[in-house]
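Visitor: Before I ask anything, here is the structure I am working with.
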Amino acid sequence: CYLKGLAVTDSPASSGTTRLTFSKSNGIETSLEHSQLEEIEFPECHDSSLISNDINLIKQDPKGNFWLSNWSKGVSYWDGDTFINYNTSQGLCDNWIHDIEFRDGFVVFSSINGPLSIYNDTNFITIPKEASIGEVSDIALDAQGNIWALMYSMSNSAYLIGKYDGTKWITFPSP
């Protein structure tokens, strides 16, 4: 909601009635009149389509839109007017998204449980993880289109660097 006007008075209101007018992005206005100072709830101003309030990451894509992830319910995409939610039901690799990166119109998601997803504005493609790899935390994309990832190796209980070249994972163990 956007506040259009505000009048503040003491209690009791010294000038009669205070009018508050709020405007949503779709042009609908809500006006409230009160004769005394009080706390007012505005449930009509809360956008309830956000997938969860438990947000762990916010990233802005090259088009200026926002992607928000949380620890257990997927991601929400904010296009400037509404949220669009994605989770495993729509093809996202996991609901526990840890990192989000962008390249050439694609969105890449890493997950706590290992696999990656690439979203191309139409559908999700899942990149499977190596059997011994657990959590994929941070990711980066290089100019050649490779996906670099900080991964946790279940077999030796250590972090390692992995590179996905479009067909296979190459891992670089830590010393």
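Visitor: What are the residues in segment 106-118 that are open to solvent by 20 Å² or more (accessible area, probe 1.4 Å) and closer than 18 Å to residue 66 by Cα, if any?
Guide: Within segment 106-118, 106, 118 meet the criteria.
Visitor: Give segment 61-76 a look and list any residue that's open to solvent by 10 Å² or more (accessible area, probe 1.4 Å) and either assigned to a strand (DSSP E or B) or in contact (Cβ under 8 Å) with a residue 60 or more places away in the chain (or both), or say none.
Guide: Scanning segment 61-76 gives 66, 68.
Visitor: Do we have any residue at all in segment 61-69 that's closer than 25 Å to residue 171 by Cβ, under 15 Å from the mean Cα position of the chain (by Cα) and modelled with pLDDT of 90 or more?
Guide: Yes, segment 61-69 has at least one match.
Visitor: Tell me which residues, restricted to segment 149-173, are open to solvent by 60 Å² or more (accessible area, probe 1.4 Å), more than 19 Å from residue 103 (Cβ to Cβ) and hydroxyl-bearing (Ser, Thr, Tyr).
Guide: Hits for segment 149-173 are 152, 155, 157, 159, 171.
Visitor: I'm checking my understanding of the structure. Among residues of segment 133-143 that are at pLDDT 85 or above and not acidic (Asp, Glu), which one is surrounded by the most Cβ atoms within 10 Å (Cβ to Cβ)?
Guide: Result: 139.
Visitor: Further, regarding this structure: Can you tell me which condition residue 146 does not meet? The list is (1) closer than 19 Å to residue 102 by Cβ; (2) open to solvent by 60 Å² or more (accessible area, probe 1.4 Å), and all the others hold.
Guide: Among (1) closer than 19 Å to residue 102 by Cβ; (2) open to solvent by 60 Å² or more (accessible area, probe 1.4 Å), the lone unmet condition for residue 146 is (2).
Visitor: I would also like to ask the following. Go through (1) surrounded by fewer than 19 Cβ atoms within 10 Å (Cβ to Cβ); (2) closer than 17 Å to residue 51 by Cα one by one and return the number of the condition residue 103 breaks.
Guide: Among (1) surrounded by fewer than 19 Cβ atoms within 10 Å (Cβ to Cβ); (2) closer than 17 Å to residue 51 by Cα, the lone unmet condition for residue 103 is (2).
Visitor: Something else now. Would you mind telling me which numbered condition in (1) open to solvent by less than 50 Å² (accessible area, probe 1.4 Å); (2) in a loop (DSSP other than H, G, I, E, B) residue 130 fails?
Guide: Failed condition: (1).
Visitor: Would you mind finding the one in 74, 80, 91, 114 that is touching an Asp or Glu at 6+ places or on another chain (Cβ under 8 Å) and on the phi > 0 side of the Ramachandran plot?
Guide: 114
The values are calculated or read from the model by the stated rules, or taken from the named source; none is laboratory data. Values in this document were obtained by computation on a predicted structure and should not be read as measured data. Note that each Cβ is placed from the backbone with ideal geometry, even for glycine, and that neighbours are counted across all protein chains shown. Surface areas here come from the heavy atoms of the whole protein model, side chains and all, with no ligands, DNA or RNA. Shrake-Rupley method; radii C 1.70, N 1.55, O 1.52, S 1.80 Å.
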